[in-house]
Each structure stands twice: as C-alpha cells, then as structure tokens.
Number of protein chains: 2
Amino acid sequence: MNIKVFATPREWNEDDVRGTTAIVIDVLRASSTIVQALTNGAREVVPVSTPAEAGEFAAKAGRADVILGGEREGKLIEGFDLGNSPLEYTKERIGGRTIVFASTNGAPALVRCKSAEHVIVGSFNNFSATVNAARELGRDVAIICSGRNGKFSMEDFVCAGKLVEGISKSNGPLDQDGAQAALDMFRYYRSQIVEVVRGCFHGRFLADAGFAPDLEHCARVDSHQVVPALIEGKIKIQRQNGGS
Amino acid sequence: MNIKVFATPREWNEDDVRGTTAIVIDVLRASSTIVQALTNGAREVVPVSTPAEAGEFAAKAGRADVILGGEREGKLIEGFDLGNSPLEYTKERIGGRTIVFASTNGAPALVRCKSAEHVIVGSFNNFSATVNAARELGRDVAIICSGRNGKFSMEDFVCAGKLVEGISKSNGPLDQDGAQAALDMFRYYRSQIVEVVRGCFHGRFLADAGFAPDLEHCARVDSHQVVPALIEGKIKIQRQNGGS
C-alpha cells in the first residue's frame, strides 16, 4: 500500500488522488468540526467551496431545511447559522439536520477530491477510526493537508504523519518524500500534540480570536469514533468503530 | 528579521517574496550546479524557464557565445551543451563563459522571484556564505524550496531548515509554520545530511540514472564560499567569504 502526503493544497491535482483513499485533514478546524457534527447526529454535511454556493444549495433545498456552517477569516459568515467551531455543533443545534459547509481550506479540499475512489475526513479526534478504515479499504492512500490560505500548516502535517505511522505496514523508509517528512515531523512531536496545536500559526490566531477551547478539543486523539465519508457530494458516517 | 520557508513551488506568489532576501534552494541539483559553475569561473548564469527560452537567448547572443545547460527528467536536453550535474561544470568547460540554464525546478523558481529585493542561490555547498549574506542584507528572508515537479522535496526542506537555524537570531518558536517545520526537520536529521540526500526520492532517482557521485557532492556543507546573486536576469558572484 503506497502512502502519499500532500502538505499544501496546490501541490496535488486530480491525477495524484485518482483511485486512492483520500484522507482530507483540516485539524483547525473543518475536519474536526465535521467529525463533531456527524457524531452529534447531523444527517449529512455538504461541503461547498464558497459562501455563494452554500446560498445556492440552500435556495434549492429550502433555507429552513438546512443549516449553513463555515467561516471566512475564522469568523461566522454573514447570513450563516453556525461558524467553524466544533463546540457550536451540539446535538440540539444540528441533530438530524443537513449542514451546508463552507470553510476556507477544508471544504474546498474535499470538493476537489472527486477523482479519489474513497474520500474520508481525518483528524486527531477520529484518528484510530480513520486508520482502521484506510487499512480495511486497502487502496493506496493520499493524505491531503488542507493548510491555511494555500500555505503549509504544522498541525495538519503532524496529524498526517501520525496517520502515516498508523496506516503504514512498513518499517522502512517511505517512497514519497512528503509522507516520510510528515512521519518524521510526527515523530519529532510525538508526545506534544496539544502543544503543536496551540503553538502553530493558526492555533495562535484562533486563540487570539477567542477560540482557545477549540484548540484543546481539536488536539484530542481518539475522542470520536466515526469515519465521515464523502459520497456523491455528501459527507455521512461511513462506519463507526466498535459497531453500528 | 522575519524568516519564511516555502516548501513547495505553488505555495508562494510574488507578494510573499516582495522586498525580501529570497534564497532559492534546489539541492538536487540546480542551486548546487550554479554554485559550482560560478566557483569555477563562469562569467554568469542566466536562468530561463524553458529550453525554448534558452534557444531564443542563444539566438540573440550568438549560439557560439553561450553554453546551454540544464535538464529535463534529469537528462541532457537535446541540442544543449551540458546537463545538470555540477561535476560537468569544470573550469575547462565553462571558465569565462555565459551559461543559459534551463533546469526543471530551480531555474523557473529563480525566474519567478522578480519581486524580491535580493535573490540569492543557496545550497549545502555554500551554506555559511549564504547565511552570512542574508544576515548582512538584514531584510526579511523568504527561503524558496524548488521541489520536484511541483512536489515537496525532502532534501530542499532540510537545507532550508539548516539555513533557518543559521540565519535566525531567535531561540524561540518561529512565527511561520513552514520555517518552524523546516527547522525541526533539520534538527531531526542534523548529522545525517548525506543520508538525507541519498535517501530522498530525487536522490534515489539520480543514483538510478548514474549520478550517484552528484549526491555526495551536493550534500557537502561549506565546500564552496560564493554567494550567487540574481541581478537583472543574470546570476553572478555577489560576494565570496573571506574576501574578493
């Protein structure tokens, strides 16, 4: 099983993910928030690239029948119901609902993965569930770091490295430099996940914006057991560790 | 002094390097080859994005008055005089000559740095000279990893991290995730530079293509003392450690 890691959004194209199990990571915060929303009973999450596309979807589906979630510059989008903090996505707010989701980095990455065979949403929160799913699916793996505004993000790269360690069956060097570097970066920070998430650029930005509790939440390994999968434009729970 | 590292070519644009000292790295092999060529007395190196542009330049300058160097897929380009092995750029071949240089990754990165205040060519070979130049110039630094076909390259990232360690005056965490990650990657591999250069994807590719001696050459720290600088489209020696 070949594993590749793409550290930045413009490094990969549809050929790089074709036929793979693509794992899209946006630790701060889209992938953590999607994991949280589905755990808390959202019916489905529909990722879209822009707020305007979210509006179009809502117009067709009926505005009252969907929840609009996401952010620009980390903040609630005008006219939207929820931002991009996983802590907003409570059972009461989103249980049974369809969420149309327009975050800056993670949502467009998910939308771009069309040529992958499977697209799953990975984070520290659902780490082991993601590893198990990728191993069971048995295909080559492309781990997509969403990054931040097109740039490299430390927290996504360290999470990618942890997934490489979990998924890889080899102890030898990895063929692709991105996967090897992510693995090495995870090894360097192995016991300091929460410090990485607090200390990275985006973590400091979010703490300044009042979202410090999100950092603790997003750094928690295996707090959730769901594997969200994108099928025909909608993200739903594909499987749940330990049953259902 | 702010230091940024861009791990992959499409991660940065002209705004990211504007006003900075940009250091372009392509360990395997463009930046190592340019350092070698200028050390061995080439008059100047003119980086161009494509073989066709090299041909146009040669047509204007007079074909006999220039040397065409570079590679596609690691190999000599049809009609060119030299490939991209630093070992080809001997005093006898290139002393006093103008080299028009079309490599796949490093040359286009150099061409794209127009908005930087200074553009210098960095490698393991001229590590200390590059560090000294960047510190003396005193501007913010943008370290550009050329990568390979748009993708992440381990050897460039480790070299970038070594430059960050040399240039940075702070012991604390760095503001930009790319610079911090490169520095951490260098720390992880500190005493294993030659192993990194041999073991990375591009190193294995070049060894398979018969260029194993290039790897030893390109991994050598401080074998050269020149700082090549790009000024008005031409790379010349800007300064030489210890004089001239």
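Read the figures in this text as sums done on the coordinates, not as results from a lab. Please read these numbers as outputs of a predicted model, since none were measured by experiment. Methodologically, a virtual Cβ is constructed for each residue, glycine included, from the backbone with ideal geometry; neighbour enumeration extends over all protein chains shown.
Below, the figures for the structure above:
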item	result
Exposed-loop-free span, longest in chain B, where trypsin sites (Lys or Arg not before Pro) count as exposed if DSSP calls them loop and at most 13 other C-beta atoms lie within 10 Å	B:1-113
Residues with amide H under 5 Å from that of A:Ile67, placed H, sequence gap 5 or more	A:Thr98, A:Ile99, A:Val100
A:Ser191-A:Asn40 FRET efficiency (beta carbon distance; Förster radius 30 Å; 0.05 resolution)	0.55
For segment B:92-107 versus segment A:114-193, the gap between their alpha-carbon centres in whole angstrom	39 Å
Average partner coverage of A:177-189, which counts Cβ from other chains inside 10 Å	5
Debye, to nearest 20: dipole size of segment A:3-237, +1 on Lys, Arg Cβ, -1 on Asp, Glu Cβ	260 debye
Partner chain coverage, peptide B:196-203 - average Cβ within 10 angstrom	2
Cross-link table A:Lys234/B:Lys151; A:Lys169/A:Lys236; B:Lys151/B:Lys236; B:Lys75/B:Lys151, entries beyond 24 Å C-alpha to C-alpha	A:Lys234/B:Lys151; A:Lys169/A:Lys236; B:Lys151/B:Lys236
Estimated distance in nm for a label pair at B:Asn2 and B:Arg139, the labels positioned 7 Å out from Cα along Cα-to-Cβ	1.4 nm
Residue closest to axis [chain B; rotation mapping onto A; Cβ; Å]	B:Arg10, 2
Förster-model FRET efficiency, 25 Å R0, A:Lys114 and A:Lys169, C-beta, rounded to 0.05	0.35
Förster-model FRET efficiency, 56 Å R0, B:Glu232 and A:Asn132, C-beta, rounded to 0.05	0.45
Rounded to 5, percent antiparallel among DSSP beta bridges of the protein assembly as shown	30 percent
Considering only segment A:3-237, percent of DSSP beta bridges that pair antiparallel, nearest 5	25 percent
Gaussian network model of chain B, springs between alpha carbon atoms under 10 Å - residue of B:Ala134, B:Ala212, B:Ala116 with greatest fluctuation	B:Ala212
Computed [θ] at 222 nm, deg cm²/dmol, chain B (DSSP H ≥ 4; -39,500 (n - 2.57); rounded to nearest 500)	-11000 deg cm²/dmol
Phi-based couplings in Hz for segment A:79-94 (Karplus 6.51, -1.76, 1.60; Gly and Pro marked x)	x, 8, 8, 9, x, 10, 8, x, 6, 6, 8, 7, 3, 5, 7, 10
